[in-house]
1. For Gly185, list long-range residues whose amide hydrogen, built 1.01 Å from N in the peptide plane, is under 5 Å from its own amide hydrogen.
2. Please work out whether region 177-225 counts as rounded, prolate or oblate from its C-alpha gyration tensor, where a ≥ b ≥ c are the square roots of the eigenvalues and a/c under 1.5 means rounded, while otherwise a/b larger than b/c means prolate and anything else oblate?
3. Using the alpha carbon gyration tensor of region 1-75, what are the three equivalent-ellipsoid semi-axes (square root of 5 times each eigenvalue), largest first, in whole Å?
4. Assuming a ≥ b ≥ c are the square roots of the Cα gyration tensor eigenvalues, decide whether region 66-124 counts as rounded (a/c under 1.5), prolate (otherwise, with a/b larger than b/c) or oblate.
5. If you average 1/r across every pair of different Cα atoms in the chain and take the reciprocal, what Kirkwood value do you get, in Å?
6. Do the alpha carbons of any pairs in Lys10/Lys89; Lys69/Lys217; Lys109/Lys206; Lys39/Lys69; Lys39/Lys179 sit beyond 28 Å of each other, and which pairs?
7. Quickly estimate the mean residue ellipticity at 222 nm for the chain, helices only: each DSSP H run with n ≥ 4 gives -39500 (n - 2.57), and the total goes over all residues, rounded to 500.
8. Which of the peptides 41-49, 107-115, 202-210 is most tightly packed, and how do the rest follow, going by the mean number of other Cβ atoms within 10 Å of each residue?
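The values are calculated or read from the model by the stated rules, or taken from the named source; none is laboratory data. Because the structure is predicted, anything quoted here is derived from the model rather than measured. Heads up, the Cβs are rebuilt from the backbone with ideal geometry, glycines too, and the neighbour counts pull from every protein chain shown. Accessible surface is based on the protein model in full, side chains and every heavy atom, while ligands, DNA and RNA are left aside. Shrake-Rupley method; radii C 1.70, N 1.55, O 1.52, S 1.80 Å.
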Amino acid sequence: MTSFLRRVGKSTLGYSCIGGTKSPGVMFIPGFMSKMNGKKALALEEWCRSDNRPFVRFDYTGIGASEGKIVRFSDWIEDACDVFAQLTKGPQIVVGSSMGGYMMLQVAKRFPERVAGMIGAAPSFFKTVNQLKMQNGPYALSSHYAQDGAYELPATFNDGISDFDLFPTADAVYTLRCKLYILHGMLDDSVPYTDSLKFVQSCIGKPEHEVNLVLSKLGEHRLSEDADISLLLELLQRMVRQS
């Protein structure tokens, strides 16, 4: 069942959530132009329901059940942060798919005390911002990012994008404040798995903030095959046990 998060001065977001008594809860952040009802999101929700664990998923502004128009990439960052702030309580494990991996890091940056762990599914940590920086004017950003094909984006979409760049220089590092697990397919032709390896190598943090990269030899970008979803659920279960 779809519910709606009404925000002052911002678009209304469509979301779906389930309750539960266990902690931490789980939040799923979708990828570029992807909706909240994809196979990974639904599989995670079903597992959380069986485990009596809170779970929330949502659609970005202008996508799926959410209202408004797509104007700026930064609006989607605010969407993810508002959902986290207003629809979750206590510690959370944040799962980000593709571009959702980048959003996941933005949420963790803003709410470090509440993000108990992060799981990236074919996460796009670098390519999202770098690709947007190179675009000028209205353009179509397609490839396998989009759930339903190519989309025309407005000229305003990348306004202010540099303000959210987590890696402003080639030698920048990322300081972890929680555990991070990454699942990436080696057949991913949208975000190469070497991007995840590069990100892991850039991470620094305390010993308890471990980083694990799991490669699926036959996995593609969507990681929607049963074997890939099983791996994703195994990572979530492992993180829950260690939280």
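1. Ala122, Ser216
2. Cα axes put region 177-225 in the prolate bin.
3. Over the Cα atoms of region 1-75, the semi-axes work out to 24, 13, 10 Å.
4. Oblate, because a/c is 1.5 or more while a/b does not exceed b/c.
5. The answer is 17.8 Å.
6. Where the Cα-Cα span goes over 28 Å, the pairs concerned are Lys69/Lys217.
7. For the chain, the value works out to -9500 deg cm²/dmol.
8. The packing order, highest mean first, is 41-49, 107-115, 202-210.
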